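Notes follow once the structure below has been shown.
Quick note: the coordinates plus some simple rules give every number you see, no bench work behind them. Values in this document were obtained by computation on a predicted structure and should not be read as measured data.
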Amino acid sequence: MARRRGGRRLLVPEAEQGMRRFMADVMQKQGYAVDPNQPDQVKYEVARSMGIPLNAEDNGQLTTESAGKIGGKIGGTMVREMIKLAQQQLSQGKPGR
């Protein structure tokens, strides 16, 4: 299987800043120290809290399972929060944007 390079691209590139801000807000609510200017750095704190040795240089020793645990913790939390926000908007009769 070919390895993907770089991060995922949003369908609407203009949404990048808003998504990064959303990630910082969600992870702060979970108790993680997040720099709003660098929300991607939260992955290191999440990994540390899970006992997974993630570093900025080389993570060749990291198993797919460990990497998935880190990403799942962040992404899963964001998805749950998005669903909660959508449900609140629907219950208040607010249309989506």
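A few points about this structure:
- In percent, rounded to a whole number, the relative contact order of the chain is 20, using alpha-carbon pairs under 8 Å and six or more apart.
- Rg and Dmax, both from the Cα atoms of region 13-91 and both in Å, are 13.8, 46.
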